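Take a look at the structure below.
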Amino acid sequence: MAPVKVFGPAMSTNVARVLVCLEEVGAEYEVVNIDFQAQEHKSPEHLVRNPFGQIPAFQDGDLLLFESRAISKYVLRKYKTDKVDLLREGNLKEAAMVDVWTEVDAHTYNPALSPIVYECLINPMMRGIPTNQKVVDESLEKLKKVLEVYEAHLSKHKYLAGDFISFADLNHFPYTFYFMGTPHAALFDSYPHVKAWWERIMARPSVQKLGASMVPPKA
Amino acid sequence: MAPIKVYGWAVSPWMSRTLVCLEEANAEYEIVPMSRSGGDHLLPDYLAINPFGQIPALQDGDLTLYQSRAIARYILRKLKPEFLREGNLRESAMVDAWVDVQAHKLEPILLPIVVNCIINQFVGRDRDQDVVDENIEKLKKLLEVYEARLSTSKYLAGDFLSFAEFTHFAFMRYFMATEYYADVVDAYPHFKAWWEALLSRPSVKKVMAGMPPDFGFGSGKIP
């Protein structure tokens with residue numbers, strides 16, 4: 001069976017979302033880089049894979065997919081075993097909790113945290129745009145409120161969907177990894193259960209392996 | 001068995017997403033009406049249900065859920081799994097992809113258009129025409145992709161109706177109430193036909209009856 005292909009740079013957050021799922025299920029895969037400088041993401045070849053001209057794109061045989069969470073769920077379903085079941089779709093309540101916290105990451109946690117990553121890392125280091133401190137300060141206030149809820153939740157549960165690691169936890173990895181490379185990483189120290197949960201995620205072999213290829217470029 | 005409870009205000013597009021799915025699933029449910037202007041979503045009793053202080057939320061027996069798409073998936077998985085296709089790798093992936101296109105591409109464009117064109121006038125804010133113009137342009141580019149898809153596929157995920165359709169109703173309903181709707185949508189005939197077919201579904205008509213085009217502000221029924 002040919003390995004599946006993921007198109008896009010391994011250090012891109014949404015590509016990393018897919019890769020951590022592939023690592024967790026032990027699938028064979030290859031990463032095919034897409035050269036943004038050369039506008040490769042807008043090339044006819046790539047638009048066939050992802051009509052929005054974005055990354056990641058994904059190929060499994062003749063199946064082409066886009067949207068990182070849809071790709072990730074495809075991977076988690078295809079390679080699911082009794083031991084590795086990160087979606088829990090066979091259990092209504094568990095699957096619902098995985099969905100709730102996957103949505104919370106997408107619509108509540110990440111909108112508060114990712115502007116800090118963009119302003120402190122991506123803009124200055126990759127785009128030559130200086131940090132907008134107002135955006136950072138506003139986002140930090142929002143993020144603190146979100147982390148208060150996470151702290152209360154994680155003081156009752158080992159992982160977000162319950163006592164089991166799931167897609168909900170893994171979704172938080174890419175952007176939080178980069179957040180820890182900003183000057184504001186110590187914010188998590190104020191939320192001990194959140195910090196402990198993050199350290200559990202970071203200790204996973206899949207995350208350790210991917211983290212090594214996601215070191216932000218030096219300015 | 002006790003009916004499912006859904007908390008929120010019916011004019012909310014996020015609430016309507018869950019209501020359409022409840023209707024499509026023929027679920028027994030009751031709405032627990034809440035007042036946004038009254039701050040019901042921030043009261044301690046509600047924060048015990050959704051600590052993020054947002055609506056909708058759902059209770060089914062001892063299970064409490066929030067986030068409109070998580071609620072919708074739970075209902076469909078329980079009562080109408082054919083709308084999710086989770087037993088089929090390829091089909092479920094296509095459903096998920098187009099649900100996410102709505103969530104991460106279309107909704108971030110339609111929300112500021114709807115807020116500026118419909119809501120702002122009622123809450124003492126000026127319309128930001130630059131924001132509207134910028135998002136209308138983004139919308140047109142995005143709809144090119146929808147048009148191409150719906151020219152070769154009857155529904156978004158394939159030749160079958162799915163959650164991908166239902167999740168689109170919410171924000172398209174309010175975009176339809178803006179002055180931009182006709183000119184924009186007329187340029188994409190397959191998209192327009194797909195949207196009008198969705199509008200004709202009994203579930204959608206029923207839910208839309210609770211969603212006046214001005215969110216209720218104009219008639220004094222402030223949400």
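Specify which of the listed residues (A:209, A:144) is under 19 Å from residue A:14 (Cβ atoms), in a helix (DSSP H, G or I), touching a helix residue (DSSP H, G or I) at 6+ places or on another chain (Cβ under 8 Å) and basic (Lys, Arg). Give the derivation first.
Working: A:144 fails: under 19 Å from residue A:14 (Cβ atoms).
Going through A:209, A:144 in turn, just one is under 19 Å from residue A:14 (Cβ atoms), in a helix (DSSP H, G or I), touching a helix residue (DSSP H, G or I) at 6+ places or on another chain (Cβ under 8 Å) and basic (Lys, Arg): A:209.
Which of the residues that make up the range A:98-107 are more than 8 Å from every other protein chain (Cβ to nearest Cβ) and either hydroxyl-bearing (Ser, Thr, Tyr) or closer than 19 Å to residue B:81 by Cα (or both)?
First pass over the range A:98-107, keeping only residues more than 8 Å from every other protein chain (Cβ to nearest Cβ): A:98, A:101, A:105.
Answer for the range A:98-107, where residues must be more than 8 Å from every other protein chain (Cβ to nearest Cβ) and either hydroxyl-bearing (Ser, Thr, Tyr) or closer than 19 Å to residue B:81 by Cα (or both): just A:98.
Suppose we keep only residues that are aliphatic (A, V, I, L, M) and facing another protein chain (nearest Cβ under 10 Å) within the range A:67-91. Which one would you say is farthest from residue A:55 (Cα to Cα)?
The selected residue is A:87.
If I ask for residues that are in a helix (DSSP H, G or I) and open to solvent by 20 Å² or more (accessible area, probe 1.4 Å), which ones from the range A:177-197 would you list? Break it down into steps so the answer makes sense when it comes.
Kept after step one, since they are in a helix (DSSP H, G or I), are these residues of the range A:177-197: A:177-179, A:185-190, A:192-197.
Hits for the range A:177-197 are A:177, A:185, A:186, A:187, A:189, A:190, A:192, A:193, A:195, A:196.
Listed here are the residues, each with its yes/no results for (1) of a type in the set (D, E, K, R); (2) open to solvent by 10 Å² or more (accessible area, probe 1.4 Å); (3) farther than 28 Å from residue B:56 by Cα.
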site	(1), (2), (3)
A:64	no, yes, yes
A:80	yes, yes, yes
A:83	yes, yes, yes
A:89	yes, yes, no
A:98	no, no, no
- Could you please give the count of residues in the range B:51-97 that are over 23 Å from residue B:26 (Cβ atoms) and at the interface with chain A (Cβ under 7 Å from one of its Cβ atoms)? 7
- Which residue pairs have Cβ atoms closer than 8 Å, lie 6 or more positions apart in sequence or on different chains, and pair a first residue in the range A:48-60 that is among the acidic types (Asp, Glu) with a second residue that is open to solvent by less than 50 Å² (accessible area, probe 1.4 Å)? A:60/A:4; A:60/A:74
- Query: Taking the condition within 14 Å of chain B (Cβ to nearest Cβ), among the hydroxyl-bearing types (Ser, Thr, Tyr) and farther than 23 Å from residue B:163 by Cβ, does residue A:13 pass?
  - Reply: yes
- Note on the structure: Scanning the range A:142-176 for residues that are open to solvent by 10 Å² or more (accessible area, probe 1.4 Å), away from chain B (no Cβ under 13 Å) and either in contact with a Cys (Cβ under 6 Å, 6 or more places away or on another chain) or within 18 Å of residue A:107 (Cα to Cα) (or both) gives A:144, A:175
- Message: Checking the structure you have, find out if any residue of the range B:162-174 is more than 14 Å from chain A (Cβ to nearest Cβ), open to solvent by 30 Å² or more (accessible area, probe 1.4 Å) and at pLDDT 95 or above.
- Response: no
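Residues B:219, B:203: which one is among the hydroxyl-bearing types (Ser, Thr, Tyr) and surrounded by 12 or more Cβ atoms within 10 Å (Cβ to Cβ)?
Numbers: B:219 fails: surrounded by 12 or more Cβ atoms within 10 Å (Cβ to Cβ).
After ruling out the rest, the residue left standing is B:203.
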- Query: Hey, any hits in the range B:109-120 for a residue that's hydrophobic (A, V, I, L, M, F, W, C) and free of Cβ contacts under 8 Å to residues at least 24 places away in the same chain?
  - Reply: yes
- Task: Take the range B:113-139 and flag every residue that is within 14 Å of chain A (Cβ to nearest Cβ) and either open to solvent by 30 Å² or more (accessible area, probe 1.4 Å) or modelled with pLDDT under 95 (or both).
- Result: B:138
- Query: Does residue A:25 meet the test of being buried (at least 16 other Cβ atoms within 10 Å of the Cβ), in contact with a Phe, Trp or Tyr (Cβ under 6 Å, 6 or more places away or on another chain), farther than 17 Å from residue A:207 by Cβ and modelled with pLDDT of 95 or more?
  - Reply: no
- Task: Name, by its number, the condition in (1) among the basic types (Lys, Arg); (2) in contact with a Leu (Cβ under 7 Å, 6 or more places away or on another chain); (3) farther than 25 Å from residue B:101 by Cα that does not hold for residue A:77.
- Result: (3)
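The values are calculated or read from the model by the stated rules, or taken from the named source; none is laboratory data. As the structure is a computational prediction, the values presented were derived from the model and not from experiment. Every residue, glycine among them, receives a Cβ derived from its backbone with ideal geometry; neighbour counts consider all protein chains shown. Surface accessibility is based on the protein's heavy atoms, side chains included, excluding ligands, DNA and RNA. Shrake-Rupley method; radii C 1.70, N 1.55, O 1.52, S 1.80 Å.
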